[in-house]
Amino acid sequence: MHYTFPELQQYVDNYQQHIYLKTGHYPLAMATTDRYSPCIIEKNQEAVYWKMVIREDADFSPIERGIELILHEDVKAYYGALFSGDIPVIYKGLQMQLIQIWNEADFLKLSENILGHLVMQRRLKLAPTIFIAALRKENEIISIDNETGEVLYEFLGTGKRIVLAKSLSDLLPKLSYNAPIYFKG
């Protein structure tokens, strides 16, 4: 199915333009030099430069069947709308990395991780959430509440969750770029 998330697309586009204006090139992804992505626009031995690409199709049914749960539409739109590098951002002093899909293999790996996360939550009798951003501490994530769509600061395995925004569309305009600026040289 084809998903759209105009606010995310606009945010990533603004991020790319911000990097381009500061450096003269698009964002850099250093850890992905040996992995294909439709968003790669230039590549060398140390890094790749990328520009987001709209995804044509994303299938969340394996996750939904595997856990017998329909994923929130914001989750599907977030992970199904585009290919992109991860985006480092700040929200009220909190540094995070918005997780993005680099290629189809990345999507399959992410699907497995989401399924594992949901199984763990079910075992702990916690309401289902789906992670969308990584934090510095491994036991803390930013997630979407699968029932309400609220964006949460979540402490894994504890049930402790702090609401950051009513929705991802509400949160995106409040994020600041926390991009390391790399120059070609």
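The values are calculated or read from the model by the stated rules, or taken from the named source; none is laboratory data. Nothing here was measured: the structure is a model prediction, and the numbers come from that model. Methodologically, a virtual Cβ is constructed for each residue, glycine included, from the backbone with ideal geometry; neighbour enumeration extends over all protein chains shown.
Computed quantities for the displayed model
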{"item": "Failed item in (1) within 25 Å of residue 136 (Cβ to Cβ); (2) modelled with pLDDT of 95 or more, with residue 23 passing the rest", "result": "(2)"}
{"item": "Condition broken by residue 83, with the remaining ones in (1) closer than 18 Å to residue 156 by Cβ; (2) modelled with pLDDT of 95 or more satisfied", "result": "(1)"}
{"item": "Subset of the range 4-29 [assigned to a loop (DSSP other than H, G, I, E, B) and either surrounded by 14 or more Cβ atoms within 10 Å (Cβ to Cβ) or without any contact (Cβ under 8 Å) to a residue 12 or more places away in the chain (or both)]", "result": "5, 25, 26, 27"}
{"item": "Selection count where residues are free of Cβ contacts under 8 Å to residues at least 12 places away in the same chain, part of a helix (DSSP H, G or I) and touching a helix residue (DSSP H, G or I) at 6+ places or on another chain (Cβ under 7 Å), scope the range 30-83", "result": "0"}
{"item": "Meets criteria (among the aliphatic types (A, V, I, L, M) and either modelled with pLDDT of 95 or more or in contact with a Lys or Arg (Cβ under 6 Å, 6 or more places away or on another chain) (or both)) for residue 135", "result": "no"}
{"item": "Unmet criterion (only one of (1) without any contact (Cβ under 8 Å) to a residue 40 or more places away in the chain; (2) more than 16 Å from the chain's Cα centre (by Cα)) for residue 140", "result": "(2)"}
{"item": "Residue satisfying all of: in the range 98-135; among the small types (Gly, Ala, Ser) and outside any helix (DSSP H, G or I); nearest to residue 64 (Cα to Cα) among these", "result": "127"}
{"item": "Among the residues listed as 152, 94, the single one being touching a strand residue (DSSP E or B) at 6+ places or on another chain (Cβ under 8 Å) and at pLDDT below 95", "result": "94"}
{"item": "Failed item in (1) buried (at least 21 other Cβ atoms within 10 Å of the Cβ); (2) over 24 Å from residue 153 (Cα atoms); (3) not small (Gly, Ala, Ser), with residue 78 passing the rest", "result": "(2)"}
{"item": "Test result for residue 91, hydroxyl-bearing (Ser, Thr, Tyr) and over 28 Å from residue 123 (Cβ atoms)", "result": "yes"}
{"item": "Residue identified as over 13 Å from residue 117 (Cα atoms) and modelled with pLDDT under 95 among 184, 166", "result": "184"}
